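Participant: This is the structure I want to talk about, given as structure tokens.
The values are calculated or read from the model by the stated rules, or taken from the named source; none is laboratory data. Quick caveat, the model's predicted, so the values are computed rather than measured. As a convention, Cβ positions derive from the backbone with ideal geometry for all residues, glycine included, and neighbour counts pool all protein chains shown.
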Amino acid sequence: MADNANLLITGAASGIGRASALRLAKTHHVIVADRDGDGARTVASEIAAAGGSATAIEVDVSDGASVHEMKTQIDTDIGPVLSAFFAAGIYIRGVTGDIPEADWDRMIDIHVKGTFLCCQAVLPDMIGANTGAIVNMSSDFAVMAVPGAAAYMASKSAIYSLTKSIAIEFAAHNIRINALGPGPIDTPILKSGRTEAEYEKARDTLANSLPIGRLGQPEEVAAVLDFLLSDRSAYMTGQIIHPNGGQLMW
């Protein structure tokens, strides 16, 4: 995509979303969108302090009215969105028999419905321009078997399937849609629901299981996103790319 295009990132207040916003602000006006409005404004301020351009927007991606309001604000204040990274997400652990219905619904609503609603919101801009690039946040769990993560895995598999479907539907409009499938990355989601001691144990266990021998950093995933949103990946669509330290190999 051309430099200085508008780039919408959801889940941009922390983790991979934040690292991506900071990196891509070198070449884009970044719309920093997150349910955490204060966090989004903090990231936008960081971008501005570094000489970049950003707008913070509070949004609940699982709510169609909220996504519509976000896109209306973007249309009014900023302009067309031709690049997007939909990274909003949560992680709730639990074996299948013990997952509360509310937790299942929340996982599906934020990941699957949220990704669908956000894609639906920006596709008209891309169709009108006959160009665009979307990257959806999946996971290597989308294509692995992992105990204790049924709801998360189901939602991330659905995002991968959604990505492929949209990619083939809109390829004729010169719109590329790919997915990121990171492995263990040192982010707040990895820490969620764990005490500090539990997190350190999980971190060490994960690191020791990886061929590369360490967790990934958000900035390393942002570097792959940078590639997928650029013309360097102009011949790629409908793919899932796994920056995962060798956890999953094809």
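Participant: How about the range 59-86: which of its residues are of a type outside the set (S, T, Y), surrounded by 19 or more Cβ atoms within 10 Å (Cβ to Cβ), touching an Asp or Glu at 6+ places or on another chain (Cβ under 9 Å) and not in a helix (DSSP H, G or I)?
Facilitator: Selection gives V59, V61, V81, L82.
Participant: In the range 133-174, what residues are closer than 18 Å to I9 by Cβ and in contact (Cβ under 8 Å) with a residue 60 or more places away in the chain?
Facilitator: Passing the criteria: A133, V135, M137, S138, T163.
Residue-by-condition table, conditions (1) among the polar types (S, T, N, Q); (2) in contact with a His (Cβ under 8 Å, 6 or more places away or on another chain):
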| position | (1), (2) |
| --- | --- |
| V95 | no, no |
| W104 | no, no |
| M126 | no, yes |
| N136 | yes, no |
| A142 | no, no |
| V146 | no, no |
| A150 | no, no |
| S157 | yes, no |
| L162 | no, no |
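Participant: When you scan the range 106-116, do you find a residue that is free of Cβ contacts under 8 Å to residues at least 12 places away in the same chain, over 19 Å from L7 (Cα atoms) and among the β-branched types (V, I, T), even just one? It would help to see each step written out before you state the result.
Facilitator: Step one: of the range 106-116, the residues free of Cβ contacts under 8 Å to residues at least 12 places away in the same chain are none.
Within the range 106-116 (the criterion being free of Cβ contacts under 8 Å to residues at least 12 places away in the same chain, over 19 Å from L7 (Cα atoms) and among the β-branched types (V, I, T)), the answer is no, since none of the residues qualifies.
For (1) among the aliphatic types (A, V, I, L, M); (2) within 18 Å of D226 (Cβ to Cβ), each residue gets a yes or a no:
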site	(1), (2)
L24	yes, yes
I31	yes, yes
I57	yes, no
T72	no, no
D98	no, no
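Participant: Continuing with the same structure: Give the residues of the range 108-126 that are buried (at least 24 other Cβ atoms within 10 Å of the Cβ) and not hydrophobic (A, V, I, L, M, F, W, C), sorted by residue number.
Facilitator: Answer for the range 108-126, where residues must be buried (at least 24 other Cβ atoms within 10 Å of the Cβ) and not hydrophobic (A, V, I, L, M, F, W, C): H111, G114, T115.
Participant: Would you be able to say whether some residue in the range 90-104 is of a type in the set (S, T, N, Q) and at pLDDT below 95? Before you say what the answer is, go through the steps one by one.
Facilitator: So in the range 90-104, the residues of a type in the set (S, T, N, Q) come out as 96.
Filter again for at pLDDT below 95, leaving 96.
Yes, that holds for at least one residue.
Participant: Right, something else. State all residues of the range 127-148 that are over 19 Å from F227 (Cβ atoms) and either touching a Pro at 6+ places or on another chain (Cβ under 8 Å) or crowded, with 21+ Cβ neighbours inside 10 Å (or both); if no residue qualifies, say none. Before you say what the answer is, go through the steps one by one.
Facilitator: Taking the range 127-148 first, the residues over 19 Å from F227 (Cβ atoms) are 127-130, 141-148.
Result: G128, A129, F141, A142.
Per-residue answers, yes or no, for (1) farther than 21 Å from V221 by Cβ; (2) part of a helix (DSSP H, G or I); (3) among the polar types (S, T, N, Q):
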{"position": "I47", "(1), (2), (3)": "no, yes, no"}
{"position": "A88", "(1), (2), (3)": "no, no, no"}
{"position": "D105", "(1), (2), (3)": "yes, yes, no"}
{"position": "A133", "(1), (2), (3)": "no, no, no"}
{"position": "A142", "(1), (2), (3)": "no, yes, no"}
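Participant: Any chance you could count how many residues in the range 160-199 are closer than 25 Å to G39 by Cα and in a helix (DSSP H, G or I)?
Facilitator: Taking the range 160-199 and keeping what is closer than 25 Å to G39 by Cα, we get 179-196, 199.
Applying the additional criterion that residues be in a helix (DSSP H, G or I) yields 188-191, 196, 199.
Total meeting the criteria: 6.
A quick yes/no check of all residues on (1) touching a helix residue (DSSP H, G or I) at 6+ places or on another chain (Cβ under 8 Å); (2) at pLDDT below 95; (3) under 22 Å from I92 (Cα atoms):
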position	(1), (2), (3)
K156	yes, no, yes
I159	yes, no, yes
A167	no, no, no
I175	yes, no, no
P182	yes, no, yes
V224	no, no, no
L229	yes, no, no
S233	yes, no, no
I240	yes, no, no
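Participant: Taking the condition farther than 19 Å from V146 by Cα, aromatic (F, W, Y) and without any contact (Cβ under 8 Å) to a residue 40 or more places away in the chain, does Y235 pass?
Facilitator: Details: farther than 19 Å from V146 by Cα: yes; aromatic (F, W, Y): yes; without any contact (Cβ under 8 Å) to a residue 40 or more places away in the chain: yes.
Criteria met by Y235.
Participant: Moving on to the next point. Pick out the one residue from I185, I189 that is over 30 Å from D75 (Cα atoms), surrounded by fewer than 19 Cβ atoms within 10 Å (Cβ to Cβ) and within 14 Å of the chain's Cα centre (by Cα).
Facilitator: So the residue among I185, I189 that is over 30 Å from D75 (Cα atoms), surrounded by fewer than 19 Cβ atoms within 10 Å (Cβ to Cβ) and within 14 Å of the chain's Cα centre (by Cα) is I189.
Participant: Which of the numbered conditions does I92 fail, given that it passes all the others? Conditions: (1) part of a helix (DSSP H, G or I); (2) under 23 Å from R18 (Cα atoms); (3) out of contact with any Leu (no Cβ under 7 Å at 6 or more places or on another chain); (4) not hydroxyl-bearing (S, T, Y).
Facilitator: So the condition that I92 fails would be (1).
Participant: Looking at the structure I just gave you, is R203 at pLDDT below 95 and among the basic types (K, R)? If you could, list the steps in order and put the result at the bottom.
Facilitator: Numbers: at pLDDT below 95: yes; among the basic types (K, R): yes.
When the stated conditions are applied, R203 passes them.
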